[in-house]
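Asks: Structure below; questions to follow.
The values are calculated or read from the model by the stated rules, or taken from the named source; none is laboratory data. Remember, it's a predicted structure, so these values are computed and weren't measured experimentally. In this analysis, Cβ positions are derived from the backbone assuming ideal geometry, glycine residues included, and neighbour counts consider all displayed protein chains. Surface areas here come from the heavy atoms of the whole protein model, side chains and all, with no ligands, DNA or RNA. Shrake-Rupley method; radii C 1.70, N 1.55, O 1.52, S 1.80 Å.
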Amino acid sequence: MTAALALDSAIAPPQGGRWAIEAIGIDKWFGPVHANRDVTLRVAKGSIHGIVGENGAGKSTLMNILYGYHRADRGEILIDGKAADIHRPSDALALGVGMVHQHFMLVEPFTILENVLLGAEGGTLLAEGRDKARAELERLGRDYGLEVDPDALVEDLPVGIQQRVEILKALYRGAETLILDEPTGVLTPQEADRLFQFLRVLRDQGKTVILITHKLREIMDVTDRVTVMRRGAVVADLPTQNTSKEELAELMVGRKVKLGGDKARAAPGAVVLEVEDLHVNDEQGKPRVRGVTFNVRAGEIVGIAGVSGNGQTELLEALGGIRPAASGRIRLKGNEVGTRRPGLTARILRRLGLGHVPEDRHRMGLVAGFAAYENAILGHQDEAQYHRGWLLDRARMVDYCGEWMKGYDVRPDNPLLEALSFSGGNQQKLVVAREMEHAPDLLLVGQPTRGVDIGAIEFIHKRLIAMRDAGKAVLVVSVELDEIMALSDRILVMFDGRIIGEVSPETATERQLGLMMAGIAEAA
Amino acid sequence: MEDTLLLIATMASATLRVATPLVLAALAGLFAERSGIVDIGLEGKMLGAAFAAAATAAVTGSAWLGLLAALAASTALSLIHGFASITHHGNQVVSGMALNIMVAGLCPVLANAWFRQSGQTPMLAQQARFGPIELPFAQAVAKVPVLGPLYAQVISGHNILVYAAAVAVPLVAFVVYRTSFGLRLRAVGENPEAVDTAGVSVSRLRYRALILAGLLCGVAGAYLSTAHNAGFIRDMTAGKGYLALAALIFGKWKPVPTLLACLLFAFADAVQIRLQGVPVPGIGAIPVQLIQALPYVLTVLLLAGFVGKSVAPKASGIPYLKER
């Protein structure tokens, strides 16, 4: 089935049903960026409608327009068949459109009840609406299987429950259509399954769900129909049962994509990194890594899986020499790189052959206001190759950077552009290029493809595997289970600051990994 | 016994008088900062209000008209702060500091221009000030041991603005914790996006908080120039705005702990006045400047070490801009 045909078939409402939401001819500009180009989306009442697209394809922009957070420059929105004039979120709420944002819109020191009440207090005094809200929460909990303790503080709740609060907030305000923006990014596979079950319940009770995601598996699992966006425009609108992951990926990227590329068996050599009973605390002195022991050999990729916030960040920072360890040993190629001398360690580690692609490229990987060529040598600026006498050799830096940009497919390949003018994927490729081109023996990679589009994911994965095949040791930390499964030769699962088990990607199932990530099961 | 009681009564009474502008300004800061706007301009607003009150009272002879002028002046300054930092997303500390500097210069200039007195307003007559109020039965119960003098000398006999400050604390606590406005106020200082997506305007909420802050600072300023003193003098706030801000932080942005912090600072001030010129056994008389520094040293010590973790409203100081 081609995309054009699919679009035609979407013009008539589904059998006997009605459209919950119609967005017709939406255009939106952010300065010079054309975020939505003549987008038309129709969502049938009582269905789960998926919207997929790469980062920057305009999915979130479209949803923010439906929700009244942004205004369209052109186009029309119909809700329940009637033209809707949505100026702000309260207008959308009044029309029964509720949104669950990717970053929860919750006030953390508030209770669940207070969060639900916010903006819908029902009177000047809080006491007036409170009892009603409490009763209503209880009813919603019963009807949809969403029980919560209304007096619990949101900051104490696990993310799965926080998300539940977001959904309750929308339902409390009488949402008929629920928009969920990348709802599974922070969930374990089990939590995600529970969410999907619940979305099906909502649909069966006649509510409409719009699910925005970049995970094709979720689209195939749960949606009735899917709209694919690319570069701000709708490129296809298909019934989910008539399509496949492969076709969707191709539509999203605009060319054939190989998902989860294959790799040869690893041939591990000597131990490069040894970690022994490592403890790391966060800024508040709270233990985040609590006794971790493992090693990484030359010629293998070790993946660390886990739900974000279980100590992976601190572990990676300690290994990278950015954060002092509280106790334990770290040995790199047999050298005790120790837990002392914070500040010096990152530099010493680099000299010993460490490359580090940090998790947070905006905060640690790049200096946004620096040109690409400056970013391309950060951390190695003292090396003789970048100097002429005691001055930096700008021409040479630009030359090197230009070469790397071509080799790593960084677009546009102009070394003089500031880092912030590149897209997320291209920024990441620049960081990866810098770390790989300085010939490390051990490469630490945190969230290699966070906020990176499919094309770049494919490229970065290929590079990491090539690096392994060249006999280097690679440690990958990622919250994306698919990525860990595709890349790793061994998988370590972290939960609550400990490595809860090690599994092999050949034998591990997603379910098993999911249970381990939730701290429920140990390795078999 | 009699002497000790008298001393305690005098000190307590002085503490209340000194605490009044601190409490009012700290509550003003509470509204602003809970809404996410850092208000380092408390000092300037108070000073501006003090000048407006004294100048108006000097011309009209009415303390009440002076108070009205103080409210207007302080609220106007608050709105300038809001215009810079809410509407135009300016840096809140810079905007607040600019107000402080502007007011510190402007008031003496205006005083010179209008009253031809170098940087101050004319001394106010007693009827153009807020005078002491004797509470009912003060005389009658004065003879009751301990409680009597306490009521007659500590509780009774202050001017109305002292009582206003006392009432303001529970009132502010009620507004912040028991009303819908209070819920939104607390929310907008923590996560303005949550408020925005709940369909409530962040800017309007913050403006309203700043107006309330302006009104409270207005009362504080009027107290300084038309109740506690009899006229405006240059820099008469003498850092009280900053002290109030410190009390607010010490009080963890909560009304009652903030009140206690203000009372502590005020008590330190009452002690330093009392200690001036009093010889300390073994040391002799301590230089006045050293003693005057006491409340400020206390502030630094408390904020540096003894407060424990004081978590500011999370969005405080960050201009609210919609993301793309």
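Asks: Residue under question is B:ALA238, and the condition is that it be out of contact with any Pro (no Cβ under 6 Å at 6 or more places or on another chain) and at positive phi; does it hold?
Replies: Spelling it out, B:ALA238 is indeed out of contact with any Pro (no Cβ under 6 Å at 6 or more places or on another chain) and at positive phi.
Asks: Taking the stated definitions as given, is A:PRO239 more than 23 Å from A:GLY455 (Cα to Cα) and touching a Lys or Arg at 6+ places or on another chain (Cβ under 7 Å)?
Replies: Considered against the rule, which asks whether it is more than 23 Å from A:GLY455 (Cα to Cα) and touching a Lys or Arg at 6+ places or on another chain (Cβ under 7 Å), A:PRO239 comes out as yes.
This table checks each residue for (1) under 20 Å from B:SER316 (Cα atoms); (2) polar (S, T, N, Q).
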site: B:VAL18; (1), (2): no, no
site: B:GLY29; (1), (2): yes, no
site: B:ASP39; (1), (2): yes, no
site: B:LEU42; (1), (2): yes, no
site: B:ALA50; (1), (2): no, no
site: B:ALA54; (1), (2): no, no
site: B:ALA58; (1), (2): no, no
site: B:SER62; (1), (2): no, yes
site: B:ALA70; (1), (2): no, no
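Asks: State whether one or more residues within region B:105-113 are buried (at least 24 other Cβ atoms within 10 Å of the Cβ) and either assigned to a loop (DSSP other than H, G, I, E, B) or touching a residue at least 60 places away in the same chain (Cβ under 8 Å) (or both).
Replies: Filtering region B:105-113 for residues buried (at least 24 other Cβ atoms within 10 Å of the Cβ) gives B:107, B:111.
Pick out the ones that are also either assigned to a loop (DSSP other than H, G, I, E, B) or touching a residue at least 60 places away in the same chain (Cβ under 8 Å) (or both) and you get B:107, B:111.
Yes, region B:105-113 has at least one match.
Asks: Do any strands (runs of 3 or more DSSP E) lying entirely in region A:224-297 carry at least 1 residues that are open to solvent by less than 50 Å² (accessible area, probe 1.4 Å) and farther than 30 Å from A:VAL43 by Cβ, and which ones are they? Write out each step before concluding.
Replies: On the way: elements: A:225-230, A:233-239, A:271-281, A:287-297.
Once the strands (runs of 3 or more DSSP E) in region A:224-297 are filtered for at least 1 residues that are open to solvent by less than 50 Å² (accessible area, probe 1.4 Å) and farther than 30 Å from A:VAL43 by Cβ, what remains is A:271-281, A:287-297.
Asks: Okay, moving on. Hey, does region B:265-287 have a residue that's of a type in the set (Gly, Ala, Ser), in a loop (DSSP other than H, G, I, E, B) and open to solvent by 50 Å² or more (accessible area, probe 1.4 Å)?
Replies: The first filter runs over region B:265-287 and keeps only residues of a type in the set (Gly, Ala, Ser), leaving B:266, B:268, B:270, B:277, B:282, B:284-285.
Add one more test, that the residue is in a loop (DSSP other than H, G, I, E, B), and what stays is B:277, B:282.
Then keep just the ones that are open to solvent by 50 Å² or more (accessible area, probe 1.4 Å); that gives B:277, B:282.
Checked region B:265-287: at least one residue is of a type in the set (Gly, Ala, Ser), in a loop (DSSP other than H, G, I, E, B) and open to solvent by 50 Å² or more (accessible area, probe 1.4 Å).
Asks: Inside region A:107-117, can you point out the residues that are buried (at least 24 other Cβ atoms within 10 Å of the Cβ) and either in contact with a Gly (Cβ under 7 Å, 6 or more places away or on another chain) or within 8 Å of chain B (Cβ to nearest Cβ) (or both)?
Replies: Within region A:107-117, A:VAL107, A:ASN115, A:LEU117 meet the criteria.
Asks: With the structure loaded, tell me whether A:HIS49 is in contact (Cβ under 8 Å) with a residue 12 or more places away in the chain, within 8 Å of chain B (Cβ to nearest Cβ) and closer than 24 Å to A:PHE196 by Cβ or whether it fails that test.
Replies: Numbers: in contact (Cβ under 8 Å) with a residue 12 or more places away in the chain: yes; within 8 Å of chain B (Cβ to nearest Cβ): no; closer than 24 Å to A:PHE196 by Cβ: yes.
Against the criterion (in contact (Cβ under 8 Å) with a residue 12 or more places away in the chain, within 8 Å of chain B (Cβ to nearest Cβ) and closer than 24 Å to A:PHE196 by Cβ), A:HIS49 does not qualify.
Asks: Could you please find all residues in region B:197-217 being at the interface with chain A (Cβ under 8 Å from one of its Cβ atoms) and buried (at least 20 other Cβ atoms within 10 Å of the Cβ)?
Replies: Residues satisfying the conditions are B:THR197, B:ALA198, B:VAL200.
Asks: Tell me which residues, restricted to region A:172-200, are within 14 Å of chain B (Cβ to nearest Cβ) and more than 14 Å from the chain's Cα centre (by Cα). Full working, then the answer.
Replies: Here is the first cut: in region A:172-200, the residues within 14 Å of chain B (Cβ to nearest Cβ) are A:172-175, A:178-181.
A:TYR172, A:ARG173, A:GLY174, A:ALA175, A:LEU178, A:ILE179, A:LEU180, listed by residue number.
Asks: Identify, from the list A:ALA170, A:ALA135, the residue that is under 23 Å from A:VAL52 (Cβ atoms), out of contact with any Asp or Glu (no Cβ under 7 Å at 6 or more places or on another chain) and not assigned by TED's automatic domain parsing to the domain that holds A:GLY46.
Replies: None of the others qualify; the one that does is A:ALA170.
Asks: Separate question: Look through region A:414-473, keep the residues that are open to solvent by 20 Å² or more (accessible area, probe 1.4 Å), in a helix (DSSP H, G or I) and of a type in the set (Gly, Ala, Ser), and return whichever of them is modelled with the highest pLDDT.
Replies: A:ALA466
Asks: For region A:60-90, give me each residue that is out of contact with any strand residue (DSSP E or B) (no Cβ under 9 Å at 6 or more places or on another chain) and either touching a residue at least 60 places away in the same chain (Cβ under 8 Å) or more than 8 Å from chain B (Cβ to nearest Cβ) (or both). Break it down stepwise before answering.
Replies: Of all residues in region A:60-90, those out of contact with any strand residue (DSSP E or B) (no Cβ under 9 Å at 6 or more places or on another chain) come to A:82, A:87-88, A:90.
Residues satisfying the conditions are A:LYS82, A:HIS87.
Asks: Taking the options A:ARG164, A:ARG134, name whichever one is within 25 Å of the chain's Cα centre (by Cα), on the phi < 0 side of the Ramachandran plot and more than 10 Å from chain B (Cβ to nearest Cβ).
Replies: Numbers: A:ARG134 fails: within 25 Å of the chain's Cα centre (by Cα).
Answer to the check: A:ARG164.
Asks: Can A:VAL107 be described as at pLDDT 90 or above and under 24 Å from the mean Cα position of the chain (by Cα)?
Replies: So A:VAL107 passes the test.
Asks: Right, here's the next one. A:MET364 - would you say it is at pLDDT below 90, in contact with a helix residue (DSSP H, G or I) (Cβ under 9 Å, 6 or more places away or on another chain) and not basic (Lys, Arg)?
Replies: Numbers: at pLDDT below 90: yes; in contact with a helix residue (DSSP H, G or I) (Cβ under 9 Å, 6 or more places away or on another chain): yes; not basic (Lys, Arg): yes.
Judged against the criteria, A:MET364 is a match.
Asks: Are any residues in region A:154-207 acidic (Asp, Glu) and open to solvent by less than 10 Å² (accessible area, probe 1.4 Å), and if so, which ones?
Replies: Start the filter on region A:154-207 by keeping residues that are acidic (Asp, Glu), which leaves A:155-156, A:166, A:176, A:181-182, A:191, A:193, A:204.
Correct list: A:GLU166 only.
Asks: Quick check on my filter: what residues within region B:32-50 are farther than 25 Å from B:PRO122 by Cα and open to solvent by 10 Å² or more (accessible area, probe 1.4 Å)?
Replies: The initial filter retains those residues of region B:32-50 that are farther than 25 Å from B:PRO122 by Cα, namely B:32-41.
Matches in region B:32-50: B:GLU33, B:ARG34, B:VAL38, B:ILE40.
Asks: Only one of A:LEU332, A:LEU315 is touching a residue at least 24 places away in the same chain (Cβ under 8 Å), more than 22 Å from A:ALA439 (Cα to Cα) and in the same structural domain as A:MET436 (by TED's automatic domain parsing). Can you tell me which?
Replies: A:LEU315 is the lone residue from the list that is touching a residue at least 24 places away in the same chain (Cβ under 8 Å), more than 22 Å from A:ALA439 (Cα to Cα) and in the same structural domain as A:MET436 (by TED's automatic domain parsing).
Listed here are the residues, each with its yes/no results for (1) at pLDDT 90 or above; (2) within 28 Å of the chain's Cα centre (by Cα); (3) over 26 Å from B:ALA187 (Cβ atoms); (4) open to solvent by less than 50 Å² (accessible area, probe 1.4 Å).
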{"residue": "A:SER47", "(1), (2), (3), (4)": "yes, yes, yes, yes"}
{"residue": "A:GLY53", "(1), (2), (3), (4)": "no, yes, yes, yes"}
{"residue": "A:TYR69", "(1), (2), (3), (4)": "no, yes, no, yes"}
{"residue": "A:ALA72", "(1), (2), (3), (4)": "yes, yes, yes, yes"}
{"residue": "A:LYS82", "(1), (2), (3), (4)": "yes, no, yes, no"}
{"residue": "A:HIS87", "(1), (2), (3), (4)": "no, no, no, no"}
{"residue": "A:VAL97", "(1), (2), (3), (4)": "yes, yes, no, yes"}
{"residue": "A:GLU128", "(1), (2), (3), (4)": "no, no, no, no"}
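Asks: Moving to a separate point now. Among the residues of region A:23-33, write down those that are within 13 Å of chain B (Cβ to nearest Cβ) and surrounded by 16 or more Cβ atoms within 10 Å (Cβ to Cβ).
Replies: As a first pass, look at region A:23-33 and keep what is within 13 Å of chain B (Cβ to nearest Cβ): A:28-33.
A:LYS28 - this is the single residue of region A:23-33 that is within 13 Å of chain B (Cβ to nearest Cβ) and surrounded by 16 or more Cβ atoms within 10 Å (Cβ to Cβ).
Asks: Among the numbered criteria (1) within 13 Å of chain A (Cβ to nearest Cβ); (2) more than 22 Å from A:GLY122 (Cβ to Cβ); (3) crowded, with 19+ Cβ neighbours inside 10 Å, which one does B:ALA194 miss?
Replies: Exception for B:ALA194: condition (2).
Asks: In region B:134-148, is there at least one residue being in contact (Cβ under 8 Å) with a residue 24 or more places away in the chain and farther than 30 Å from A:LEU126 by Cα?
Replies: Here is the first cut: in region B:134-148, the ones in contact (Cβ under 8 Å) with a residue 24 or more places away in the chain are B:146.
Restricting the remaining residues to those that are farther than 30 Å from A:LEU126 by Cα gives B:146.
Yes, region B:134-148 has at least one match.
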